[in-house]
1. For segment 517-553, how many residues meet the condition of being closer than 20 Å to Gln503 by Cα, among the small types (Gly, Ala, Ser) and not in a helix (DSSP H, G or I)?
2. Filter segment 218-261 down to residues that are exposed (fewer than 15 other Cβ atoms within 10 Å of the Cβ), free of Cβ contacts under 8 Å to residues at least 60 places away in the same chain and farther than 24 Å from Ile63 by Cβ, then give me how many there are.
3. Filter segment 447-456 down to residues that are out of contact with any helix residue (DSSP H, G or I) (no Cβ under 8 Å at 6 or more places or on another chain) and not small (Gly, Ala, Ser) and give me whichever is most open to solvent (accessible area, probe 1.4 Å).
4. Which one of these does Thr105 not meet: (1) modelled with pLDDT under 90; (2) under 21 Å from Ile323 (Cβ atoms); (3) open to solvent by less than 40 Å² (accessible area, probe 1.4 Å)?
5. Within the set of pairs 6 or more residues apart or between chains, which connect a residue that is in contact (Cβ under 8 Å) with a residue 40 or more places away in the chain and buried (at least 23 other Cβ atoms within 10 Å of the Cβ) inside segment 270-291 to a residue that is part of a helix (DSSP H, G or I) and among the aromatic types (Phe, Trp, Tyr) with Cβ atoms less than 9 Å apart?
6. Please verify whether Ala500 is outside any strand (DSSP E or B) and open to solvent by less than 30 Å² (accessible area, probe 1.4 Å), treating the condition exactly as stated.
7. Considering Leu365, Leu354, Leu376, which residue is surrounded by 24 or more Cβ atoms within 10 Å (Cβ to Cβ) and assigned to a helix (DSSP H, G or I)?
Amino acid sequence: MRSASLHPFRPRLLDALAGYDRSRLLADIGAGLTVGIVALPLAMAFAIASGVKPEAGIFTAIIAGFLISALGGSHVQIGGPAGAFIVIVYGIVERYGLANLLIATSLAGVLLFLMGLFKLGALIRYIPVSIVIGFTNGIAVLIGLSQVKDLLGLEIDKLPADFFTQIAVLARHLDSVNPAAVAIGLGCLALVVFWPKSYRMDVAPVGLTGKLRRWAAHVPGTIVALTAATLVTLALGLDVETIGSRFGGIPQGLPAFELPEFSWATAKELLIPTVTIALLGAIESLLCARVADNMTELPRHDPNQELMAQGAANFVTPFFGGIPATGTIARTVTNVRAGAASPVAGMVHALTLLVIVLVAAPLALHVPLAALAGILMFVAWNMGEWREFARLKQFMLPYRTVLLGTFFLTVVFDLTIAVQVGLLLACAFFIFRMSALFTVRPHSGGELPPGVQVFELFGPLFFGAVGKIEDLPSRLAPGTRVLVLEMHRMISMDTSGLDALEQLHRVLQRQGITLLLAEVNPQPLGLIRRSGFEATLGPDCIVPKVADAVGSDGAEAQDPAAQI
């Protein structure tokens, strides 16, 4: 037997560099610089919201961002810390500690690499869209809730991970609202929302106002908001919490390589966090890559190579203090809109962040956390697909149940439980729908000889539909001597369906009734022959046409004794 081949490790960068010229290099440099500036505040904000230091987010954006672009299967995808991971990382840090988060991330990297190596990238697409929308919206709600503390400047030492406990703690501390923090947070939120965005602008704006807006759109709104908030805080001497007051600033330079303490006992405890990080990373990165494919004329991404690159990045980054990374839609869209032509743009984005850390890290001391909270509120709002809730009435009950169930379980419990239950619900509804497609109908093709009944089978006969075969004996008229099953429209059958036919044959034998199968399709026929049921039934009991079973002239049935 021929063994399944492994997916070759061939980064898309190798193909992109063929025929690479100066114009493409300049386009990639311009796009990389733009994305690097956009990524800086997001990387810090995602890290802080995840319960780790801001530099962990920046290091992840630098190291993982470079590796994902250099080794990945997409021309334009940008990797780094993502909003979808905030809730997951925060929960792991709360329960297992930072060291175990790093171990779980590295183990998830190994799992992601193996998923790509064994060509499992296409399987991620089989996750129903209702589940993806449900947990995405749930994570967006949790991100927004987690930022209320810094947005309002509440005096809370540590916000718990549990949804209801978070609400209770926030409610108890509402008397400590800091008006300055609220003003900064809401001001940054408004600035990011209303700041002109290049992807919404005309390519050739008309008039001075249009040209000025076009020029302003090239400057990321997040950077404008962060800079303005920092300057206002310093100029007015506002009493708000900053990166410096909480974390002591950001180090200039990358951390040294350091192996976290590892043991197999710890690895066993981290099974669920590892699988959660790997699953979410795979879903997010491949969804992001598909979005990028629809925005560009470049070759479509290779999902298996992308998973291997995500795996390598997540395996390496924790050794430098980084957190989980995946493909990021906002930065990838920015990269495409900025004119990226190859993975070089993503590598330039990482190098841009590195230069910023080496040169301007001390400036981050004065960045107010309320400003980052306002930016994350905008990220959370953009992350959710809220229109889907309004459209639920257009869909049937299974879709609504899976989407809302996944959403509420993500918010109240966690992503792992939500996806597991969502998949179980989706499978249950799928089985129900497929079983409804299988029908057994009395033959309507004219007169039949006395003692002969013909039933037509429609659809796939599988474990969810065998009950309709088991009910057949009760539907037979008194005096029936021959039962013919016309199977031309029964396209497939599993072993449970075969077992149902065998049981039907035994029941009919005890009643003295002969079972005939007519017009059997290749797949069911192959299973019947391989299992030995054809020999049990008798070779003459499987006939090409219904007419052969009831008599070529339709007037009399074949002698059952002659068919055995």
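1. 3
2. 5
3. At the first step, the residues of segment 447-456 found to be out of contact with any helix residue (DSSP H, G or I) (no Cβ under 8 Å at 6 or more places or on another chain) are 447, 450-451, 453, 456.
When the remaining residues are screened for being not small (Gly, Ala, Ser), the result is 447, 450, 453, 456.
On the way: Glu447: 166, Pro450: 107, Gln453: 40, Glu456: 27 Å².
Taking the candidates together, the pick is Glu447.
4. (1)
5. Listed pairs, sorted by first residue: Pro273/Tyr96; Ile277/Phe85; Leu280/Phe85; Leu280/Phe135; Gly281/Phe85; Glu284/Phe85.
6. On the way: outside any strand (DSSP E or B): yes; open to solvent by less than 30 Å² (accessible area, probe 1.4 Å): yes.
Yes: the conditions hold for Ala500.
7. Values: Leu365 fails: surrounded by 24 or more Cβ atoms within 10 Å (Cβ to Cβ); Leu354 fails: surrounded by 24 or more Cβ atoms within 10 Å (Cβ to Cβ).
Matching residue, one of Leu365, Leu354, Leu376: Leu376.
To keep it simple, each residue is scored yes or no on (1) free of Cβ contacts under 8 Å to residues at least 60 places away in the same chain; (2) part of a loop (DSSP other than H, G, I, E, B); (3) in contact with a strand residue (DSSP E or B) (Cβ under 8 Å, 6 or more places away or on another chain); (4) aromatic (Phe, Trp, Tyr).
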| residue | (1), (2), (3), (4) |
| --- | --- |
| Arg10 | no, yes, no, no |
| Ala43 | no, no, yes, no |
| Gly51 | yes, yes, no, no |
| Ala56 | no, no, no, no |
| Ser69 | no, no, yes, no |
| Ala104 | no, no, no, no |
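The values are calculated or read from the model by the stated rules, or taken from the named source; none is laboratory data. Just so it is clear, the structure is predicted and the values come from calculations on it, not from any experiment. For neighbour counting, all protein chains shown are included, and Cβ atoms are generated from backbone atoms with ideal geometry for every residue, glycine included. Accessible surface is based on the protein model in full, side chains and every heavy atom, while ligands, DNA and RNA are left aside. Shrake-Rupley method; radii C 1.70, N 1.55, O 1.52, S 1.80 Å.
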